[in-house]
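Read through the structure below, which is laid out as structure tokens, and then see the notes.
The values are calculated or read from the model by the stated rules, or taken from the named source; none is laboratory data. None of the values given here were measured: they were computed from a predicted structure. FYI the Cβ positions are ideal-geometry reconstructions off the backbone, even for glycines, and counts take in every protein chain you see.
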Ligand code: UD1
Ligand code: CA
């Protein structure tokens, strides 16, 4: 495919007021990435001339996209042409003769779906789908297999509202058609908006041919509300999970597993039900057990959970982390931490056992400090390690010990528990009072 043949314009300047949010609509995320990210990513597969139209919260939209891509052109939709998808097209200049225009709120679009627009003999090709409930979409009036007109919901008559063929929000135009009709758009309608969709009836009146490509909602769904966002996320999640299962990852009840777009798996991995794996986490030959959370971490040849929480910047290798263990910004290699621990800002080396209930006290209320634990260390249950602290190789910590800051040297035992006393018949005396 020749990438240079088509320009893409993505409309991302709108307020998105139906989201009821302070955040620009196109920056709302599904599966860990902004909606606009997915659209730009798919667009870059078929074009090297991509323009994103911005206005509302333009700085954040630009900053977000520039953090992923370095080849996007931004055009600002100015106040005079605001609002409206047609207004968004008013200052566009593109490289190629053919221009694909996309709404910025359709994160489920794929390169394959976009490819469907590249072959047409018509002057304009637009996308339609049929919905039982067409609410919110523009209705498409088709006569003799040619599109005659798009009527926005708010301008539609009672009869038009019953049409279930809707405008999916992608159009293939020629540069000449855009240059001719975009300047003629007016905002003389129910919403006082410059509708891009009015180009269709204007072109039709001049005798141009306008075809409709029937597409699937699964790839073309527009996101206007938080409910739409959640629905789109569910579809995207199924795609992500399917991709990884096809790559050999075992998943139990995949519909309960949330894996973000940037996560990668290698080798043979198992993910049990209810897990959440986020950011750019890397899971290699590992088993993530039920209801565990892995955030922006690396897990290699290890098993995690059930009910464990790896917070960002954790790295596990040849390690077992069991239930109710929370790990943050720590590196564990060849370690067992089976139950009920907090390990933060720590490095723990091979052969070390972290007993149940061990806590690294990494924060004194002002600063965070590091804990370093060497090889073959045995940390007894219910101990607190007050950082900054080093336990050298071959150290023991007795159960229930509070280890103060400093260094415990190789071969040493740290013990701070009070001496045990036995008081005979105390139980009987105590309760006989009652
Ligand atoms: C639009 C179509 C509708 C179609 C639907 C498909 C128009 C007039 N209507 O409606 O026929 O069924 O998409 O999903 O085009 N935008 C701008 N500048 C603006 C206003 C919007 O760039 O001034 C951008 C938005 O950021 C958004 C996209 O255009 O990404 C679509 O805008 P939106 O308001 O969601 O259009 P719909 O009402 O859904
Ligand atoms: Ca929309």
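For this structure, a couple of remarks:
- Test for residue 364: is it surrounded by 12 or more Cβ atoms within 10 Å (Cβ to Cβ) and at pLDDT below 95: yes
- Every pair of residues 6+ apart whose Cβ atoms lie under 8 Å, when the first sits in the range 390-413 and is assigned by TED's automatic domain parsing to the domain that holds residue 373 while the second is exposed (fewer than 15 other Cβ atoms within 10 Å of the Cβ) and in a strand (DSSP E or B): 390/406; 390/407; 391/407; 392/407; 395/413; 396/413; 397/413; 398/413
- First in the range 164-181 and free of Cβ contacts under 8 Å to residues at least 60 places away in the same chain and over 27 Å from residue 133 (Cβ atoms), second anywhere and more than 16 Å from ligand 2 (Cβ to nearest atom) and not in a strand (DSSP E or B), Cβ under 6 Å, 6 or more apart: 181/199; 181/202
- Selection of the range 69-78 for residues being surrounded by 14 or more Cβ atoms within 10 Å (Cβ to Cβ) and over 20 Å from residue 91 (Cα atoms) yields only 69.
- Of the residues 64, 60, 47, the single one that is touching a residue at least 12 places away in the same chain (Cβ under 8 Å), out of contact with any strand residue (DSSP E or B) (no Cβ under 7 Å at 6 or more places or on another chain) and either part of a strand (DSSP E or B) or more than 22 Å from residue 138 (Cβ to Cβ) (or both) is 60.
- Within the span defined as the range 187-194, one or more residues are within 26 Å of residue 227 (Cα to Cα), within 16 Å of ligand 2 (Cβ to nearest atom) and surrounded by 15 or more Cβ atoms within 10 Å (Cβ to Cβ).
- Lone qualifier among 107, 111 - being closer than 19 Å to residue 45 by Cβ, touching a residue at least 12 places away in the same chain (Cβ under 8 Å) and more than 16 Å from ligand 1 (Cβ to nearest atom): 111
For every residue, the table says whether it meets (1) within 16 Å of ligand 2 (Cβ to nearest atom); (2) in contact with a helix residue (DSSP H, G or I) (Cβ under 6 Å, 6 or more places away or on another chain).
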site	(1), (2)
12	yes, yes
62	no, no
84	yes, no
101	yes, no
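- For the range 401-420, a residue qualifies if it is part of a loop (DSSP other than H, G, I, E, B) and at pLDDT 95 or above, and the qualifying residues are 401, 409, 410, 411, 412, 415.
- Counted residues, the range 201-217 - those being away from ligand 2 (no atom under 16 Å from the Cβ), under 25 Å from residue 35 (Cβ atoms) and in contact with a helix residue (DSSP H, G or I) (Cβ under 9 Å, 6 or more places away or on another chain): 1
- Restricting 67, 43 to residues that are at pLDDT 95 or above, assigned by TED's automatic domain parsing to the domain that holds residue 111 and under 23 Å from residue 173 (Cβ atoms) narrows the list to 43.
- Identity of the residue in the range 203-212, closer than 15 Å to residue 171 by Cα and surrounded by fewer than 19 Cβ atoms within 10 Å (Cβ to Cβ), that ends up nearest to ligand 1 (Cβ to nearest atom): 211
- Taking the criterion of being more than 22 Å from the chain's Cα centre (by Cα) and either crowded, with 19+ Cβ neighbours inside 10 Å or not assigned by TED's automatic domain parsing to the domain that holds residue 191 (or both), the residues of the range 99-120 that qualify are 99, 100, 101, 117.
- Some residue of the range 376-389 being over 41 Å from the mean Cα position of the chain (by Cα), farther than 16 Å from residue 337 by Cα and buried (at least 17 other Cβ atoms within 10 Å of the Cβ): no
- Residue 136 vs. criteria on the phi > 0 side of the Ramachandran plot and assigned to a strand (DSSP E or B): no
- Checked across the range 163-185, the condition of being within 16 Å of ligand 2 (Cβ to nearest atom) and in a helix (DSSP H, G or I) holds for no residue.
- From the list 156, 232, the lone residue that is surrounded by 13 or more Cβ atoms within 10 Å (Cβ to Cβ), under 20 Å from residue 127 (Cβ atoms), within 15 Å of ligand 1 (Cβ to nearest atom) and not assigned by TED's automatic domain parsing to the domain that holds residue 109 is 232.
- Condition met for residue 263 (within 16 Å of ligand 2 (Cβ to nearest atom) and in contact with a strand residue (DSSP E or B) (Cβ under 8 Å, 6 or more places away or on another chain)): no
- Complete set of residues in the range 195-209 that are closer than 30 Å to residue 132 by Cβ and either in a loop (DSSP other than H, G, I, E, B) or free of Cβ contacts under 8 Å to residues at least 24 places away in the same chain (or both): 195, 196, 197, 209
- Just one of the numbered conditions (1) away from ligand 1 (no atom under 13 Å from the Cβ); (2) outside any strand (DSSP E or B) is not true of residue 15: (1).
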